Amino acid sequence: MSNILVTGGAGYIGSHTVHQLLERGYNVTVLDDLSTGFRDAVPEARLHICSLFDTEQVTQLLVRQQIDAVVHFAAFIAVGESTKDPEKYFTNNVAGSLSLFSAMAAAEVKKIVFSSTAAVYGNPVSTPIPETAAIAPVNPYGETKATVERVLAWLDQCRGLRSVRLRYFNACGANPEAGLSERHVPETHLIPLLLKAVVTGQPMTIFGTDYPTPDGTCIRDYIHVDDLAKAHIAAIDHLLAGGASEVFNVGTGRGFSVREVLAAVEAVTGKPVPHVFGDRREGDPAELVADSSQLRNRLGWTPEYTELERIVASAWPSEQRRWA
Ligand code: UDP
């Protein structure tokens with residue numbers, strides 16, 4: 001079986017992907033500096049605590065483990081923080097990736113799956129958004145991901161580095177059977193915050209009710225973390241089979257408003273969500289929904305979690321413990 005290095009494997013999407021890779025028999029090595037990841041999210045023996053910036057050590061790890069392909073999650077992901085401290089984001093997400101790519105060049109590893117984001121599209125002119133839509137990020141976080149995507153396109157041309165760049169929409173849910181969950185600090189994502197409000201009784205804020213959508217709240221494409229993980233496996237298999245570089249959106253293709261997500265949380269928990277209505281959050285487009293037909297048609301991927309209630313139900317046990 002192939003040897004896969006997962007950077008950022010102790011994080012939310014990384015740990016769910018590591019779990020699926022192991023289940024499918026891949027030999028997995030995790031590289032994480034534990035700056036935002038959790039030691040207990042991955043099997044201890046697989047974890048190498050190391051900075052992406054230590055090009056020499058990363059090169060040695062790639063060589064020693066005879067890595068065939070890399071899945072690169074390690075990055076900072078908070079949009080708001082990226083607007084306050086852009087240097088931190090460009091350094092970590094762009095320079096950190098360049099260090100990894102240099103190590104891969106030195107170790108002659110020529111396949112990579114890269115975590116990108118719908119944030120590369122900024123405020124799209126229409127939805128669902130195809131991969132051919134304009135790249136026009138509206139915050140430094142999105143710009144770091146768009147930059148690394150462009151670097152990867154050049155590394156394909158100049159060095160034959162094959163990459164699949166996956167543009168995630170709204171990652172959510174958890175895998176309770178595997179003991180995995182979302183644990184961002186601070187938490188900024190909608191579903192965990194709705195569940196937190198249920199547990200604590202403290203109201204959460206709905207950011208904006210005057211958007212040009214049917215109920216006035218923002219519409220997003222909520223994609224379960226296990227479906228995201230499955231997209232990474234499909235991308236790895238594509239590259240290991242000698243496939244060319246590709247860019248794919250990862251979303252269900254269906255949008256839900258904030259009010260609809262709130263209703264799903266109330267249905268699953270059987271409790272009202274204490275909430276207040278606030279101003280719009282800066283930089284939030286009204287509607288972001290993926291056209292994921294490329295990933296479906298080309299790699300045979302289909303999402304299993306298409307109902308909000310199932311997504312929320314998968315997150316509920318861990319969120320109950322988290323906020324109790
Ligand atoms: N949202 C909200 N209140 C919150 C957090 C999020 O109303 O406390 C809204 C946010 O404005 C967006 C949607 O929920 O329309 C999803 O936001 P999230 O931060 O989960 O993901 P993003 O879309 O920023 O990637």
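The values are calculated or read from the model by the stated rules, or taken from the named source; none is laboratory data. All values reported here derive from a predicted model rather than from experimental measurement. Backbone-built Cβ (ideal geometry, glycine too); neighbour counts: all protein chains shown.
Total residues in segment 302-324 satisfying the condition of being out of contact with any Ser or Thr (no Cβ under 8 Å at 6 or more places or on another chain) and not in a helix (DSSP H, G or I): the figure is 4. Here's a check for you: in segment 9-52, which residue that is aliphatic (A, V, I, L, M) and in a loop (DSSP other than H, G, I, E, B) is surrounded by the fewest Cβ atoms within 10 Å (Cβ to Cβ)? Step by step, filter segment 9-52, then rank; the result is LEU34.
Name the single residue, out of those in segment 210-224 being buried (at least 17 other Cβ atoms within 10 Å of the Cβ), within 13 Å of the ligand (Cβ to nearest atom) and not acidic (Asp, Glu), that is nearest to GLY14 (Cα to Cα). Checking each candidate, the answer is ILE223. The set of residues in segment 278-292 being among the hydrophobic types (A, V, I, L, M, F, W, C) and within 9 Å of the ligand (Cβ to nearest atom) consists of ALA286, LEU288. Across segment 119-131, a minimum of one residue is classified as of a type in the set (Ser, Thr, Tyr) and within 16 Å of the chain's Cα centre (by Cα). Restricting attention to segment 133-175, the residues being surrounded by fewer than 21 Cβ atoms within 10 Å (Cβ to Cβ) and of a type in the set (Ser, Thr, Tyr) number 1.
Entry remark, segment 127-178: residues being over 16 Å from SER99 (Cα atoms) and in a helix (DSSP H, G or I) number 12 in total.
The residue that is surrounded by the fewest Cβ atoms within 10 Å (Cβ to Cβ), counting only those in segment 188-209 that are more than 12 Å from the ligand (Cβ to nearest atom) and not in a loop (DSSP other than H, G, I, E, B), is THR200. Answer yes or no as to whether GLY242 is crowded, with 17+ Cβ neighbours inside 10 Å, among the small types (Gly, Ala, Ser) and away from the ligand (no atom under 13 Å from the Cβ). No.
Scanning segment 275-301 for residues that are touching an Asp or Glu at 6+ places or on another chain (Cβ under 7 Å) and assigned to a strand (DSSP E or B) turns up LEU288, ALA290. Comparison of ALA95, ALA118 shows that the only residue that is modelled with pLDDT of 95 or more and surrounded by 15 or more Cβ atoms within 10 Å (Cβ to Cβ) is ALA118.
This table checks each residue for (1) out of contact with any Pro (no Cβ under 7 Å at 6 or more places or on another chain); (2) more than 16 Å from the ligand (Cβ to nearest atom); (3) of a type in the set (Lys, Arg).
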{"position": "ARG64", "(1), (2), (3)": "yes, yes, yes"}
{"position": "THR83", "(1), (2), (3)": "no, no, no"}
{"position": "PRO86", "(1), (2), (3)": "no, yes, no"}
{"position": "LEU98", "(1), (2), (3)": "yes, yes, no"}
{"position": "ALA118", "(1), (2), (3)": "yes, no, no"}
{"position": "TYR121", "(1), (2), (3)": "yes, no, no"}
{"position": "GLU143", "(1), (2), (3)": "no, no, no"}
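Report whether or not GLY179 is within 30 Å of PRO43 (Cα to Cα) and more than 16 Å from the ligand (Cβ to nearest atom). Criteria met by GLY179.
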